[in-house]
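Only one structure is covered here, and it is reproduced in the block below.
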Amino acid sequence: ASFLFGDRDSRLMTWKVAARDRTEPIDFPNAGPRHRIEEKICFVSESLVAEVTCTSYPEYPVVEFQTHLKNISSSNSPIIKNLKAVDALLTASTKTILHYNKGAQTDVDDFRPYISQMAVGSTLTLAVNNGKPTSLLLPNFNIETDDGGVIAVLSWQGCWKTDFRQGNDGLHLTAGQHETEFVLFPGETYRTPLMVLLFYKGTFLDGQNVWRRWFYNHNQLRKQGVRFGKNAI
(Lines give C-alpha, C1' and ligand atoms only; values in the text may rest on other atoms or scores of the structure.)
Protein backbone atom coordinates (compact mmCIF):
# COMPACT_ATOMS: atom_id res chain seq x y z
CA ALA A 1 0.00 0.00 0.00
CA SER A 2 0.99 3.62 -0.41
CA PHE A 3 -0.63 6.89 0.67
CA LEU A 4 -0.03 10.45 1.76
CA PHE A 5 0.03 10.98 5.52
CA GLY A 6 -0.46 14.69 5.84
CA ASP A 7 2.21 16.06 3.52
CA ARG A 8 4.41 12.96 3.75
CA ASP A 9 4.70 10.01 1.39
CA SER A 10 4.23 6.72 3.27
CA ARG A 11 7.04 5.17 1.20
CA LEU A 12 9.48 7.67 2.70
CA MET A 13 8.35 7.28 6.32
CA THR A 14 10.34 5.18 8.81
CA TRP A 15 8.53 1.93 9.55
CA LYS A 16 9.52 -0.60 12.21
CA VAL A 17 8.29 -4.20 12.47
CA ALA A 18 6.42 -4.48 15.77
CA ALA A 19 5.01 -8.01 15.42
CA ARG A 20 4.91 -10.96 13.03
CA ASP A 21 2.66 -14.00 13.06
CA ARG A 22 2.46 -17.03 10.75
CA THR A 23 -0.40 -19.56 10.68
CA GLU A 24 -1.76 -22.31 8.42
CA PRO A 25 -5.57 -22.02 8.80
CA ILE A 26 -7.76 -25.11 8.46
CA ASP A 27 -11.44 -24.56 7.61
CA PHE A 28 -12.85 -28.09 7.85
CA PRO A 29 -11.22 -31.54 7.96
CA ASN A 30 -12.78 -32.52 4.61
CA ALA A 31 -12.27 -29.17 2.88
CA GLY A 32 -10.08 -30.63 0.16
CA PRO A 33 -6.92 -28.99 -1.25
CA ARG A 34 -7.16 -25.70 0.65
CA HIS A 35 -3.66 -25.52 2.10
CA ARG A 36 -2.63 -21.91 2.59
CA ILE A 37 -0.21 -19.92 4.71
CA GLU A 38 -1.25 -16.66 6.35
CA GLU A 39 1.28 -14.13 7.59
CA LYS A 40 0.53 -10.93 9.49
CA ILE A 41 3.21 -8.28 9.78
CA CYS A 42 2.60 -5.22 11.93
CA PHE A 43 4.52 -2.06 11.01
CA VAL A 44 4.60 1.07 13.20
CA SER A 45 5.52 4.63 12.26
CA GLU A 46 4.90 7.28 14.89
CA SER A 47 1.13 7.30 15.60
CA LEU A 48 0.14 4.91 12.81
CA VAL A 49 0.05 1.11 12.69
CA ALA A 50 -0.09 -0.73 9.36
CA GLU A 51 -0.95 -4.42 9.69
CA VAL A 52 -0.38 -6.29 6.44
CA THR A 53 -2.01 -9.70 6.00
CA CYS A 54 -0.53 -11.88 3.24
CA THR A 55 -1.92 -15.26 2.23
CA SER A 56 0.07 -17.58 -0.01
CA TYR A 57 -0.80 -20.98 -1.49
CA PRO A 58 1.96 -23.61 -1.78
CA GLU A 59 0.20 -25.33 -4.71
CA TYR A 60 -0.35 -22.11 -6.67
CA PRO A 61 1.74 -19.02 -7.57
CA VAL A 62 -0.78 -16.75 -5.83
CA VAL A 63 -0.54 -14.15 -3.09
CA GLU A 64 -3.39 -12.18 -1.49
CA PHE A 65 -2.68 -9.13 0.63
CA GLN A 66 -4.57 -6.46 2.52
CA THR A 67 -3.59 -3.62 4.87
CA HIS A 68 -5.30 -2.30 7.98
CA LEU A 69 -4.31 1.21 9.11
CA LYS A 70 -4.92 2.14 12.76
CA ASN A 71 -4.48 5.41 14.61
CA ILE A 72 -2.84 4.63 17.95
CA SER A 73 -2.59 8.23 19.14
CA SER A 74 -5.00 10.14 21.40
CA SER A 75 -5.86 12.67 18.69
CA ASN A 76 -7.06 12.62 15.11
CA SER A 77 -4.52 11.56 12.50
CA PRO A 78 -3.27 13.86 9.74
CA ILE A 79 -5.30 13.67 6.54
CA ILE A 80 -4.76 10.37 4.72
CA LYS A 81 -5.32 10.54 0.97
CA ASN A 82 -4.42 8.87 -2.34
CA LEU A 83 -4.46 5.50 -0.56
CA LYS A 84 -3.56 2.63 -2.90
CA ALA A 85 -4.02 -1.06 -2.11
CA VAL A 86 -1.08 -1.84 -4.41
CA ASP A 87 1.69 0.37 -5.75
CA ALA A 88 4.23 -1.89 -7.40
CA LEU A 89 6.31 -2.82 -10.41
CA LEU A 90 4.70 -6.06 -11.61
CA THR A 91 6.83 -7.03 -14.61
CA ALA A 92 10.37 -6.44 -15.85
CA SER A 93 9.35 -6.47 -19.50
CA THR A 94 9.51 -3.34 -21.68
CA LYS A 95 6.48 -4.47 -23.66
CA THR A 96 3.33 -5.95 -22.22
CA ILE A 97 -0.20 -6.74 -23.38
CA LEU A 98 -3.03 -5.92 -21.01
CA HIS A 99 -6.16 -8.08 -21.13
CA TYR A 100 -9.32 -6.94 -19.37
CA ASN A 101 -13.12 -7.12 -19.74
CA LYS A 102 -16.17 -4.97 -20.00
CA GLY A 103 -18.60 -5.21 -17.11
CA ALA A 104 -22.32 -5.94 -17.11
CA GLN A 105 -24.69 -3.24 -18.33
CA THR A 106 -27.34 -5.51 -19.88
CA ASP A 107 -25.78 -4.93 -23.30
CA VAL A 108 -25.28 -7.56 -25.99
CA ASP A 109 -21.50 -7.26 -25.55
CA ASP A 110 -21.38 -7.55 -21.75
CA PHE A 111 -18.07 -9.06 -20.54
CA ARG A 112 -16.44 -8.59 -23.96
CA PRO A 113 -12.61 -8.76 -23.83
CA TYR A 114 -10.36 -5.76 -24.41
CA ILE A 115 -6.67 -5.73 -25.30
CA SER A 116 -4.23 -2.84 -24.86
CA GLN A 117 -0.66 -2.89 -26.13
CA MET A 118 1.53 -1.23 -23.49
CA ALA A 119 4.72 0.11 -25.09
CA VAL A 120 7.34 2.10 -23.15
CA GLY A 121 5.92 5.47 -22.16
CA SER A 122 2.27 4.44 -22.43
CA THR A 123 -0.25 4.83 -19.62
CA LEU A 124 -3.78 3.57 -19.12
CA THR A 125 -6.34 4.44 -16.45
CA LEU A 126 -9.30 2.09 -15.88
CA ALA A 127 -11.96 2.93 -13.32
CA VAL A 128 -15.56 2.60 -12.17
CA ASN A 129 -16.96 5.69 -10.48
CA ASN A 130 -20.70 4.97 -10.28
CA GLY A 131 -20.62 2.81 -7.14
CA LYS A 132 -21.22 -0.41 -9.09
CA PRO A 133 -17.87 -2.25 -9.15
CA THR A 134 -18.59 -4.57 -12.09
CA SER A 135 -20.73 -2.30 -14.25
CA LEU A 136 -18.42 -0.47 -16.66
CA LEU A 137 -15.42 -2.79 -16.34
CA LEU A 138 -14.36 -5.81 -14.29
CA PRO A 139 -11.52 -5.17 -11.79
CA ASN A 140 -9.63 -8.21 -13.15
CA PHE A 141 -6.52 -7.79 -15.33
CA ASN A 142 -4.20 -10.20 -17.13
CA ILE A 143 -0.80 -8.63 -17.83
CA GLU A 144 0.96 -10.69 -20.51
CA THR A 145 4.68 -10.57 -21.31
CA ASP A 146 6.85 -12.62 -23.69
CA ASP A 147 7.34 -15.54 -21.29
CA GLY A 148 4.50 -15.28 -18.81
CA GLY A 149 2.69 -12.62 -16.87
CA VAL A 150 0.64 -11.56 -13.89
CA ILE A 151 -3.09 -11.69 -13.16
CA ALA A 152 -4.04 -8.81 -10.86
CA VAL A 153 -7.47 -8.59 -9.23
CA LEU A 154 -8.75 -5.73 -7.09
CA SER A 155 -11.46 -6.67 -4.61
CA TRP A 156 -13.54 -3.61 -3.83
CA GLN A 157 -17.32 -3.36 -3.54
CA GLY A 158 -17.70 0.18 -4.83
CA CYS A 159 -15.76 2.71 -6.87
CA TRP A 160 -12.27 1.61 -7.89
CA LYS A 161 -9.44 2.96 -10.01
CA THR A 162 -6.32 1.45 -11.56
CA ASP A 163 -3.38 3.16 -13.27
CA PHE A 164 -0.99 1.22 -15.52
CA ARG A 165 2.31 2.79 -16.58
CA GLN A 166 4.81 1.07 -18.88
CA GLY A 167 8.40 2.17 -18.30
CA ASN A 168 11.84 0.97 -19.29
CA ASP A 169 11.94 -1.06 -16.06
CA GLY A 170 8.58 -2.77 -16.59
CA LEU A 171 4.87 -2.26 -15.95
CA HIS A 172 3.88 -0.34 -12.83
CA LEU A 173 0.41 -0.72 -11.29
CA THR A 174 -1.37 1.41 -8.71
CA ALA A 175 -4.90 0.44 -7.69
CA GLY A 176 -7.39 1.15 -4.97
CA GLN A 177 -10.52 3.03 -4.07
CA HIS A 178 -11.36 5.76 -6.58
CA GLU A 179 -10.83 8.63 -4.12
CA THR A 180 -9.63 8.69 -0.52
CA GLU A 181 -9.24 11.67 1.80
CA PHE A 182 -10.02 11.14 5.47
CA VAL A 183 -8.71 11.22 9.03
CA LEU A 184 -8.64 8.39 11.53
CA PHE A 185 -10.10 9.07 14.95
CA PRO A 186 -8.18 7.73 17.98
CA GLY A 187 -8.30 3.93 17.85
CA GLU A 188 -10.05 3.90 14.47
CA THR A 189 -9.02 1.42 11.75
CA TYR A 190 -9.29 1.59 7.97
CA ARG A 191 -9.11 -1.49 5.72
CA THR A 192 -7.74 -1.28 2.19
CA PRO A 193 -9.20 -3.35 -0.66
CA LEU A 194 -7.91 -6.91 -0.96
CA MET A 195 -5.44 -7.51 -3.80
CA VAL A 196 -4.74 -10.83 -5.49
CA LEU A 197 -1.70 -11.45 -7.69
CA LEU A 198 -1.08 -14.65 -9.68
CA PHE A 199 2.28 -15.07 -11.44
CA TYR A 200 2.39 -17.51 -14.35
CA LYS A 201 4.55 -18.88 -17.15
CA GLY A 202 3.38 -19.41 -20.72
CA THR A 203 0.57 -17.60 -22.53
CA PHE A 204 -2.15 -15.47 -20.97
CA LEU A 205 -4.52 -18.41 -21.45
CA ASP A 206 -2.19 -20.59 -19.36
CA GLY A 207 -2.44 -17.97 -16.64
CA GLN A 208 -6.23 -17.91 -16.80
CA ASN A 209 -6.38 -21.70 -16.49
CA VAL A 210 -4.19 -21.60 -13.36
CA TRP A 211 -6.49 -18.91 -11.99
CA ARG A 212 -9.58 -21.07 -12.62
CA ARG A 213 -8.07 -24.03 -10.78
CA TRP A 214 -7.00 -21.88 -7.83
CA PHE A 215 -10.38 -20.15 -7.65
CA TYR A 216 -12.24 -23.46 -7.80
CA ASN A 217 -10.15 -25.07 -5.08
CA HIS A 218 -9.88 -22.12 -2.69
CA ASN A 219 -12.84 -19.81 -3.27
CA GLN A 220 -15.91 -21.76 -4.33
CA LEU A 221 -18.63 -21.68 -1.67
CA ARG A 222 -18.82 -24.69 0.65
CA LYS A 223 -20.93 -25.96 3.51
CA GLN A 224 -19.00 -27.82 6.16
CA GLY A 225 -16.17 -28.26 3.70
CA VAL A 226 -18.35 -29.64 0.88
CA ARG A 227 -18.69 -27.60 -2.31
CA PHE A 228 -22.17 -26.43 -3.31
CA GLY A 229 -23.72 -27.87 -6.44
CA LYS A 230 -25.12 -31.17 -7.62
CA ASN A 231 -21.80 -32.44 -8.95
CA ALA A 232 -19.55 -30.85 -6.32
CA ILE A 233 -16.54 -32.87 -5.29
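Some points to look at:
- Scanning the stretch 143-160 for residues that are in a strand (DSSP E or B) and over 17 Å from Gln66 (Cα atoms) returns Ile143, Glu144, Gly148, Gly149, Val150.
- Some residue of the stretch 8-25 being free of Cβ contacts under 8 Å to residues at least 24 places away in the same chain, surrounded by fewer than 16 Cβ atoms within 10 Å (Cβ to Cβ) and of a type in the set (S, T, N, Q): yes
- Residue, most open to solvent (accessible area, probe 1.4 Å), within the stretch 117-142, restricted to residues that are assigned to a strand (DSSP E or B) and touching a His at 6+ places or on another chain (Cβ under 8 Å): Ala127
Here's the yes/no breakdown for (1) among the β-branched types (Val, Ile, Thr); (2) under 16 Å from the mean Cα position of the chain (by Cα):
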| position | (1), (2) |
| --- | --- |
| Asp9 | no, no |
| Leu12 | no, no |
| Ala18 | no, no |
| Arg22 | no, no |
| Ile41 | yes, no |
| Val52 | yes, yes |
| Thr55 | yes, yes |
| Asn71 | no, no |
| Ile80 | yes, no |
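- Close pairs (6 angstrom Cβ cut-off, 6 or more residues apart or separate chains): among the hydrophobic types (A, V, I, L, M, F, W, C) in the stretch 68-79, crowded, with 16+ Cβ neighbours inside 10 Å and in a strand (DSSP E or B) anywhere: Leu69/Ala50; Leu69/Tyr190; Ile72/Val49
- Being among the acidic types (Asp, Glu), in a loop (DSSP other than H, G, I, E, B) and either out of contact with any strand residue (DSSP E or B) (no Cβ under 9 Å at 6 or more places or on another chain) or surrounded by 14 or more Cβ atoms within 10 Å (Cβ to Cβ) (or both) is a description that applies to Asp107.
- Of everything in the stretch 25-39 that is in a loop (DSSP other than H, G, I, E, B) and within 21 Å of the chain's Cα centre (by Cα), the residue that is modelled with the lowest pLDDT is Arg34.
- Exactly one residue out of Ala92, Ala88 is surrounded by fewer than 20 Cβ atoms within 10 Å (Cβ to Cβ), under 15 Å from the mean Cα position of the chain (by Cα), touching a residue at least 60 places away in the same chain (Cβ under 8 Å) and within 29 Å of Cys54 (Cβ to Cβ), and it is Ala88.
- Matching residues, the stretch 183-206, being open to solvent by 20 Å² or more (accessible area, probe 1.4 Å), hydrophobic (A, V, I, L, M, F, W, C), over 19 Å from Leu138 (Cβ atoms) and in contact with a strand residue (DSSP E or B) (Cβ under 6 Å, 6 or more places away or on another chain): Phe199
- Every condition in (1) closer than 22 Å to Asn219 by Cα; (2) surrounded by 15 or more Cβ atoms within 10 Å (Cβ to Cβ) holds for Thr162 except the one numbered (1).
The values are calculated or read from the model by the stated rules, or taken from the named source; none is laboratory data. Everything numeric here is computed off the predicted structure, so don't read it as measured data. A quick note on method: Cβ atoms are made from the backbone with ideal geometry, for glycine too, and the neighbour counts reach across all protein chains shown. For the accessible areas, the whole protein counts, side chains as well, though only heavy atoms, and no ligand, DNA or RNA atoms are used. Shrake-Rupley method; radii C 1.70, N 1.55, O 1.52, S 1.80 Å.
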